[in-house]
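Novice: I'd like to ask you about the structure that follows.
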C-alpha cells in the first residue's frame, strides 16, 4: 500500500515538473478560468501517460519546492466535473495528504490521474479553450496538439519506481495511529478500527447524543495507511456508522435565518473495504434546500448587497452590520438556493473581502462554496 506522503516527497525530491507530474501552489475551481486551466492539465497528463498514473501536487511553491499546504478539499464531485468536460475522461482521485509541520487545517493535495488509454480531449468550450482541443505535456508545460498525435508510453518504469519507494510499512502505520490518538487529538474522543486486517482508520471529534444517536463535530477522519484525510471540518456535524466491511459518514450542514436554524443532511459517503486489499468511496447527495419567505429573502439580499458596498468602500460598519457579516456568505447561499440567480455571483465577489477579514466570515464563505460545488455537480 502506497503512503501518499512518501509518494509526494519522492516526486518533489527526485523530479522536476515533467510529462507525468505537475505541481501547483493552489487551484481555483470557483471560476471558469480556474476550471479551464485544471482541465487542460488533466487532459495533457492523461494523454502524455497512456499506461501509467500521472500526478498533480497542490500546495507547493514552485521555487524551492517548499511545502505550504492548502485547505482541505472535498473531492467527491471532482470526477463529475472531469466527466462533464472531457471526452475519454481519465479516472481522477483527489487526496488530502497530511504533513506534520503544517497546521491542522492544512494539507497537501494529491491528484492522481489514471488514463483510459484513449485520446482525451475537451468535450465543449470552457474559458479560452475550444471544445475538441487536445493537450499534451511538453516538458513541464501543457500544450495544445493536433488530432493526429501519436501517444507514446515512456514513463511507466519511472512511475513504478517512484511508487515502489513510497510503499508503507508497520512503523509508518504505528506512528500514524499513535500521533493521531495521543498527540493531534488528545483532547477529543478518538477511535480507530482495522478493516480487512489491512486498513487502519482513525476518527476524532466532540460528541453529543441526541435520541440515542451520536453526532460528532470538529471532526477529523484519516486513513492512516496512506496518510490521507478522508474528512475534516470544524463547522459541520456528522454521524458515523460502520461494520466489518464499510465506514459510513453522513454529513449535516447548519442553515437558517433570523435565529431559526436547523441541521440539513448534506451527503452520505461510504468507504467500502474489500478482501483483496482495495477500497473505494461511494457518495450520495442527500441535500434538500431549505425554502423561506420571498419577502424576507429580498430584505436580506438587499441588506447583504448594501453591506458589500460598505466593505468595498471601506465604510465603518454598525454593530448590527458586524453581526450580519458573520452570516453573509451563508445568507447569499440560501438566496441562491431560493432562485436568486445573481446571489451566486455576489457570493463569489465577496471572497477577497471575507478572506481579508478571516475568522468566521471567511470560514462560512468556504463552507458555502463547498455546498454549492456539491449541489452543482450532482
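Novice: Which of rounded, prolate or oblate describes segment 294-376 when judged by the alpha-carbon gyration tensor and an a/c cut-off of 1.5?
Specialist: Values: a/c = 1.84, a/b = 1.23, b/c = 1.50.
Here segment 294-376 falls in the oblate category.
Novice: Another question, then. Would the chain count as rounded, prolate or oblate if I go by the C-alpha gyration tensor, calling it rounded below 1.5 in a/c and otherwise prolate when a/b exceeds b/c, oblate otherwise? Could you put the intermediate results ahead of the total?
Specialist: Numbers: a/c = 1.85, a/b = 1.24, b/c = 1.49.
Verdict is oblate for the chain.
Novice: Helix-only estimate, please: 222 nm mean residue ellipticity of the chain, summing -39500 (n - 2.57) across DSSP H runs of length 4 or more and dividing by its residues, to the nearest 500. Numbers along the way, then the final one.
Specialist: Values: 11 runs with 124 residues, N = 378.
About -10000 deg cm²/dmol.
Novice: In whole angstrom, how far apart do the alpha carbon centroids of segment 100-119 and segment 324-343 sit?
Specialist: 31
Novice: Quickly work out the residue 302-to-residue 83 label distance, labels modelled 7 Å from Cα along the C-beta direction, and quote it in nm with one decimal.
Specialist: For residue 83 paired with residue 302, the spin-label model returns 4.3 nm.
Novice: Still on this model: Along the Cα-to-Cβ line of residue 243, 7 Å from the Cα, sits a label point; which residues in segment 261-285 have backbone N less than 18 Å from it?
Specialist: 268-284
Novice: Continuing with the same structure: Could you give the nm distance between label points at residue 295 and residue 130, where each point is 7 Å from its Cα heading toward the beta carbon?
Specialist: Distance between the two pseudo-spin positions: 5.4 nm.
Novice: Rounded, prolate or oblate: which one fits segment 236-370, using the alpha carbon gyration tensor with axes a ≥ b ≥ c (rounded when a/c is under 1.5, else prolate when a/b beats b/c, else oblate)? Please list the in-between numbers first.
Specialist: On the way: a/c = 2.83, a/b = 2.19, b/c = 1.30.
The shape class here is prolate.
Novice: On a C-alpha basis, how far is the centre of segment 233-279 from the centre of segment 345-371 in Å? Whole number, if you could?
Specialist: Their Cα centres are 23 Å away from one another.
Novice: Compare the peptides 176-187, 324-335 by average per-residue count of other Cβ atoms within 10 angstrom and give them in order, highest first. Could the numbers behind the result be given before it?
Specialist: On the way: 176-187: 15.1, 324-335: 22.7.
Highest-to-lowest ranking by the protection proxy: 324-335, 176-187.
Throughout, read-outs are computed from the coordinates displayed, never taken from laboratory work. Source: prediction; values computed, not measured. Here Cβ is always computed from backbone atoms with ideal geometry, including for glycine, and neighbour counts include all displayed protein chains.
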